[in-house]
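Scroll down for the structure; my scribbles are underneath it.
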Amino acid sequence: MPFSAETLTSRTVLECSAAEQAEAMNRSFEQYLVPMQFDVTSFQRRFRGENLDAAASRLWYCGEELVGVVYIARRGWTSRVAAMGLVLEARGRGLGRPMLQTAIDEAAARGDRLLMLEVFTDNVPAIRLYERLGFRTTRRLVGFQRNASPQPGPLVETLTHCDPLEVARQVAREGDAALPWMLAAETLAATVPPFVEAWQLAENAYALVRPEPDRVMVLGLVVPRAVRRQGWGRRLVRALESQYAGRRLTAHSLLPKSAVSELLQHCGWEPQALELYEMERPL
């Protein structure tokens, strides 16, 4: 069956197996700007903290052929397009618009006040689609990286393992207001060992990281307000560099202009080439 808007149908994630969800994600993001490949475990782990709503998220088809996915996360009166993509064969055929419009209509019908998403600044076709459907850019999000340092030497500071949930609590109490969805305390609170490691420096600085085969992802950094501007943030970053010497460290492209982004720049971390727009649509 040819791909066309007239023949679009969908199934909610509730109606699909975990394997179908992961495979649909992989196919819908083939040749994407950032490579994505999920198995069932990594897919569930990824979206657990994002508050994916299985009833609001859909896999789209023309006949039996997969067209793409629109995964929706929800918190309170706010919904977020956690992932939207089309399989290679369905791209450029005008199918993204009715898929996203359905998500907008359903969010409004259930009483949500806001629908949001992130999109790479280089993804011009997607940005144009979102703008046509009423989304407007609210801020630019950036990422940073620190290339692998020499082989391990003496630790510059003594980091202590702590509960990842404690880092999330510190972010909730002490973090900046209106953090991006993926950096918010609600997201970090769903992370669990052994997939993440949490560290504290005395009781004055906290970090949450996710070790991966080719890098170490920094998911969150926070210094309590009472001890800010005393060098604890810089000491924490240097301690992480020492702890993971020989490995590349990255803070993914979800940082707004903030004290954390300024700290990483001050510590010599390089901005990543890919940046994101955060976009919102009032409902």
> Inside the range 166-179, can you point out the residues that are within 18 Å of ASN51 (Cα to Cα) and in a loop (DSSP other than H, G, I, E, B)?
Replying inline: ALA178, LEU179
> Which pairs have Cβ atoms under 7 Å, sit 6 or more apart or on different chains, and link a residue in the range 118-130 that is closer than 23 Å to PRO282 by Cβ and touching a residue at least 24 places away in the same chain (Cβ under 8 Å) to one that is open to solvent by 20 Å² or more (accessible area, probe 1.4 Å) and of a type in the set (D, E, K, R)?
Replying inline: THR121/GLU275; LEU129/ARG97
> For the range 253-282, what are the residues that are out of contact with any helix residue (DSSP H, G or I) (no Cβ under 9 Å at 6 or more places or on another chain) and within 23 Å of ALA126 (Cα to Cα)?
Replying inline: SER253, GLN272, ALA273, LEU274, GLU275, LEU276, GLU280, PRO282
> Where residues in the range 58-109 are part of a loop (DSSP other than H, G, I, E, B) and without any contact (Cβ under 8 Å) to a residue 40 or more places away in the chain, which of them is most open to solvent (accessible area, probe 1.4 Å)?
Replying inline: TRP77
> Among the residues of the range 140-149, how many are surrounded by fewer than 14 Cβ atoms within 10 Å (Cβ to Cβ) and outside any loop (DSSP other than H, G, I, E, B)?
Replying inline: 0
> Do any residues in the range 32-53 that are under 27 Å from ASP122 (Cβ atoms) have Cβ atoms under 8 Å from those of residues that are hydroxyl-bearing (Ser, Thr, Tyr) and open to solvent by 70 Å² or more (accessible area, probe 1.4 Å), where the two are at least six apart or on different chains, and which pairs are they?
Replying inline: none
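Pick from ALA226, ALA273, ALA172, ALA190: which is out of contact with any Leu (no Cβ under 8 Å at 6 or more places or on another chain) and in contact (Cβ under 8 Å) with a residue 40 or more places away in the chain?
Working: ALA226 fails: in contact (Cβ under 8 Å) with a residue 40 or more places away in the chain; ALA273 fails: in contact (Cβ under 8 Å) with a residue 40 or more places away in the chain; ALA172 fails: in contact (Cβ under 8 Å) with a residue 40 or more places away in the chain.
Of the residues listed, the single one that is out of contact with any Leu (no Cβ under 8 Å at 6 or more places or on another chain) and in contact (Cβ under 8 Å) with a residue 40 or more places away in the chain is ALA190.
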>> I need the full set of residues from the range 46-57 which are at pLDDT 95 or above and in contact with a Phe, Trp or Tyr (Cβ under 8 Å, 6 or more places away or on another chain), in order please.
In response: LEU52, SER57
> Do we have GLU197 as closer than 20 Å to PHE47 by Cα, in contact (Cβ under 8 Å) with a residue 24 or more places away in the chain and of a type in the set (D, E, K, R) here?
Replying inline: yes
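Taking the range 191-201 as the search range and keeping residues that are out of contact with any Phe, Trp or Tyr (no Cβ under 6 Å at 6 or more places or on another chain) and modelled with pLDDT of 95 or more, which one is nearest to VAL119 (Cα to Cα)?
Taking the range 191-201 and keeping what is out of contact with any Phe, Trp or Tyr (no Cβ under 6 Å at 6 or more places or on another chain), we get 191-199, 201.
Then drop every residue that is not modelled with pLDDT of 95 or more, which leaves 196-199, 201.
Numbers: VAL196: 25, GLU197: 28, ALA198: 28, TRP199: 30, LEU201: 34 Å.
Checked the range 191-201; the qualifying residue nearest to VAL119 (Cα to Cα) is VAL196.
Can you go through GLY246, GLY231, GLY220 and tell me which one is touching a residue at least 12 places away in the same chain (Cβ under 8 Å), outside the structural domain of ALA108 (by the TED database) and at positive phi? Break it down into steps so the answer makes sense when it comes.
On the way: GLY231 fails: touching a residue at least 12 places away in the same chain (Cβ under 8 Å); GLY220 fails: at positive phi.
Going through GLY246, GLY231, GLY220 in turn, the sole match is GLY246.
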>> I'm trying to understand the selection: among the residues of the range 33-53, which are surrounded by fewer than 15 Cβ atoms within 10 Å (Cβ to Cβ) and under 16 Å from CYS16 (Cα atoms)?
In response: ASP39, VAL40, THR41, GLN44
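The values are calculated or read from the model by the stated rules, or taken from the named source; none is laboratory data. If you're wondering where the values come from, they're calculated on a predicted model, not measured in any experiment. Every residue, glycine among them, receives a Cβ derived from its backbone with ideal geometry; neighbour counts consider all protein chains shown. We work out accessible area using only protein heavy atoms, side chains counted, and drop any ligands, DNA or RNA first. Shrake-Rupley method; radii C 1.70, N 1.55, O 1.52, S 1.80 Å.
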